[in-house]
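What follows is a structure written as structure tokens; I'll ask about it next.
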Amino acid sequence: MKNIYSNIYKSNLHNLKKAKKILENDKIIGIPTETVYGLAGNAYSNKAVKKIYYLKKRPAINPIIIHYYNLKILKNDVIINNNFLKLYKAFCPGPITFILNKKTSSKVTFEATAKKKTIAVRFPKHKVARKLLSILKLPLAAPSANLSSRLSPTSSTDVADEFKNKIKFILEGGRSKVGLESTIVDLTGHVKVLRPGSITPKSIGKILKKKIKIIKKAKKITSPGQLKKHYYPGIPVIINMRKPKKNEAVVGFGKRFKRRKNYFNLSGNGNLKEAANNLYKTLRKIKNKGYKSIIVNKIPSVGIGMAINDRLKRASSK
Ligand code: TXA
Ligand code: MG
């Protein structure tokens, strides 16, 4: 099939070098990661970071995750602690983001961290993101490549559809393997998970040898991914087991889920990883088919199921 998107580029070395040039010139590109696609810019550049907020229509109070290749450059920007080193060794590169204290000498812009004294840092595993970071020698500020409060993109065409020609360059990286945003874990004090993801509190607890909690309702919003209204697909999402009305689609999971035209199964054989991977794609598809609302049947809240339910709850909140 011919590529109808003129702003999506194959991730060969030539184009990776092109991407590097664009980023060094403080411009923004779309990049693949194993979780979701990101909207990336030089984390040390005010101009680049401002552009990201502008493109996403992101509130300035919502800080951005900074992506690194390894610890070398990171050490200039954050204060490293033992819990971080243990988790880094166990899970990185991979779908986990750490909140750490920012060094006063850090060059990461104040806008990127929304004037906080902390930084969210992540080491993506996707080979295109890694190759790019390795030749760049700069960290990348990269929120998910969607308009603020909407669904995250899991393919290059999702990014192109969301921003049209406002983004001139998107690196192709196939479908994102995980399909849900990274787990965010706060390591600045008592260790806690701020956003559930594919790396579970249990597996983090195993490494740190303590019980780790998910912060469900933040008293003070420390991570606007915690904001109630988020991950909205553009039509109402209702968590319920009731029968669908006209123009309503149903999303469910597992072998016993009905087979009908307006029933969308996240995983026919009840695999939670597969369900996570299909979630955003399915919600987008339903919206594009013209349904007016979506009924979601509950997903088992174990492992990555917790992250799926977290996103569904926020998608359904009014
Ligand atoms: O999987 C991911 O994490 C993707 C890919 C592109 O890496 N990125 C992503 O970024 O999901 P974004 O901006 O959509 O979500 C970042 C979340 C936001 O909820 C933000 O509030 C939180 O991270 N965050 C960033 N810096 C923070 C900080 N210093 N303290 C607490 N939360 C922070
Ligand atoms: Mg996001």
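Would it be correct to say that Ala114 is assigned to a helix (DSSP H, G or I), within 11 Å of ligand 1 (Cβ to nearest atom) and either over 16 Å from the mean Cα position of the chain (by Cα) or closer than 15 Å to Glu34 by Cβ (or both)?
Working: assigned to a helix (DSSP H, G or I): no; within 11 Å of ligand 1 (Cβ to nearest atom): yes; either over 16 Å from the mean Cα position of the chain (by Cα) or closer than 15 Å to Glu34 by Cβ (or both): yes.
No.
Taking the range 197-211 as the search range and keeping residues that are in contact with a strand residue (DSSP E or B) (Cβ under 6 Å, 6 or more places away or on another chain) and open to solvent by 10 Å² or more (accessible area, probe 1.4 Å), which one is farthest from ligand 2 (Cβ to nearest atom)?
Pro201
Taking Tyr54 as meeting all but one of (1) open to solvent by 60 Å² or more (accessible area, probe 1.4 Å); (2) over 22 Å from the mean Cα position of the chain (by Cα), write down the number of the exception.
(2)
What is the number of the single condition among (1) surrounded by fewer than 16 Cβ atoms within 10 Å (Cβ to Cβ); (2) among the charged types (D, E, K, R); (3) at pLDDT 95 or above that Lys2 does not meet?
Tallying (1) surrounded by fewer than 16 Cβ atoms within 10 Å (Cβ to Cβ); (2) among the charged types (D, E, K, R); (3) at pLDDT 95 or above, Lys2 fails exactly one: (3).
May I ask you to list the residues in the range 99-134 that are among the aromatic types (Phe, Trp, Tyr) and free of Cβ contacts under 8 Å to residues at least 12 places away in the same chain?
Our first condition is that a residue be among the aromatic types (Phe, Trp, Tyr); within the range 99-134, this holds for 110, 123.
Hit for the range 99-134 is Phe110, nothing else.
Within the range 298-311, can one find any residue that is of a type in the set (Val, Ile, Thr), surrounded by 19 or more Cβ atoms within 10 Å (Cβ to Cβ) and farther than 22 Å from Ser198 by Cα?
No: the range 298-311 contains no residue that is of a type in the set (Val, Ile, Thr), surrounded by 19 or more Cβ atoms within 10 Å (Cβ to Cβ) and farther than 22 Å from Ser198 by Cα.
Of all residues in the range 221-239 being open to solvent by 40 Å² or more (accessible area, probe 1.4 Å) and modelled with pLDDT of 90 or more, which is farthest from ligand 1 (Cβ to nearest atom)?
First, pick out the residues of the range 221-239 that are open to solvent by 40 Å² or more (accessible area, probe 1.4 Å): 221-222, 227-229, 232, 236, 238-239.
Checking which are modelled with pLDDT of 90 or more leaves us with 232, 236, 238-239.
On the way: Tyr232: 13, Pro236: 22, Ile238: 24, Ile239: 21 Å.
Only one residue tops the list, namely Ile238.
In the range 50-61, which residue that is touching a residue at least 60 places away in the same chain (Cβ under 8 Å) and part of a helix (DSSP H, G or I) is nearest to ligand 2 (Cβ to nearest atom)? Spell out how you get there, then give the answer.
Filtering the range 50-61 for residues touching a residue at least 60 places away in the same chain (Cβ under 8 Å) gives 50, 52, 55-59, 61.
When the remaining residues are screened for being part of a helix (DSSP H, G or I), the result is 50, 52, 55-56.
Values: Lys50: 18, Ile52: 11, Leu55: 13, Lys56: 8 Å.
Ranking the qualifying residues of the range 50-61, first place goes to Lys56.
Inside the range 62-94, can you point out the residues that are within 14 Å of ligand 2 (Cβ to nearest atom) and open to solvent by 20 Å² or more (accessible area, probe 1.4 Å)?
Residues satisfying the conditions are Pro63, Ile65.
Go through (1) more than 9 Å from ligand 1 (Cβ to nearest atom); (2) open to solvent by 40 Å² or more (accessible area, probe 1.4 Å) and name the single condition Ser106 misses.
(2)
To continue, here is another question. Quick check on my filter: what residues within the range 235-275 are part of a loop (DSSP other than H, G, I, E, B) and polar (S, T, N, Q)? Please lay out each step first, then the result.
Just the residues of the range 235-275 that are part of a loop (DSSP other than H, G, I, E, B), to begin with: 235-236, 240-247, 253-262, 266-271.
If the condition is that a residue be part of a loop (DSSP other than H, G, I, E, B) and polar (S, T, N, Q), then Asn240, Asn247, Asn262, Ser267, Asn269, Asn271 are the ones that fit.
Hey, does the range 159-177 have a residue that's more than 17 Å from the chain's Cα centre (by Cα), of a type in the set (Val, Ile, Thr) and either closer than 21 Å to Gly305 by Cα or open to solvent by less than 20 Å² (accessible area, probe 1.4 Å) (or both)?
Yes, some residue in the range 159-177 is more than 17 Å from the chain's Cα centre (by Cα), of a type in the set (Val, Ile, Thr) and either closer than 21 Å to Gly305 by Cα or open to solvent by less than 20 Å² (accessible area, probe 1.4 Å) (or both).
If you don't mind, there's one more thing I want to ask. Starting from residues that are part of a loop (DSSP other than H, G, I, E, B) and more than 16 Å from ligand 2 (Cβ to nearest atom), keep the ones in the range 117-153 and report whichever is surrounded by the most Cβ atoms within 10 Å (Cβ to Cβ). Explain how you work it out, then say what you get.
Kept after step one, since they are part of a loop (DSSP other than H, G, I, E, B), are these residues of the range 117-153: 117, 123-126, 137-139, 142-143, 145-149, 151-153.
From what's left, more than 16 Å from ligand 2 (Cβ to nearest atom): 117, 123, 125-126, 137-139.
Numbers: Lys117: 10, Phe123: 23, Lys125: 18, His126: 24, Lys137: 11, Leu138: 21, Pro139: 26.
If we take residues in the range 117-153 being part of a loop (DSSP other than H, G, I, E, B) and more than 16 Å from ligand 2 (Cβ to nearest atom), then Pro139 is surrounded by the most Cβ atoms within 10 Å (Cβ to Cβ).
Any residue at all in the range 29-39 that's at pLDDT 95 or above and farther than 29 Å from Asn277 by Cβ?
Filtering the range 29-39 for residues at pLDDT 95 or above gives 29-39.
Those still in the list that are farther than 29 Å from Asn277 by Cβ too: none.
Checked the range 29-39: no residue is at pLDDT 95 or above and farther than 29 Å from Asn277 by Cβ.
Kindly establish whether Gly189 is without any contact (Cβ under 8 Å) to a residue 40 or more places away in the chain and open to solvent by less than 50 Å² (accessible area, probe 1.4 Å). So that I can check it myself, show each step before the final result.
Working: without any contact (Cβ under 8 Å) to a residue 40 or more places away in the chain: yes; open to solvent by less than 50 Å² (accessible area, probe 1.4 Å): yes.
When the stated conditions are applied, Gly189 passes them.
The values are calculated or read from the model by the stated rules, or taken from the named source; none is laboratory data. Quick caveat, the model's predicted, so the values are computed rather than measured. Neighbour counts run over all protein chains shown; Cβ positions are idealised from the backbone, glycine included. Ligands, DNA and RNA are stripped out before the accessible areas are found, and what is left, the full protein with its side chains, is counted by its heavy atoms. Shrake-Rupley method; radii C 1.70, N 1.55, O 1.52, S 1.80 Å.
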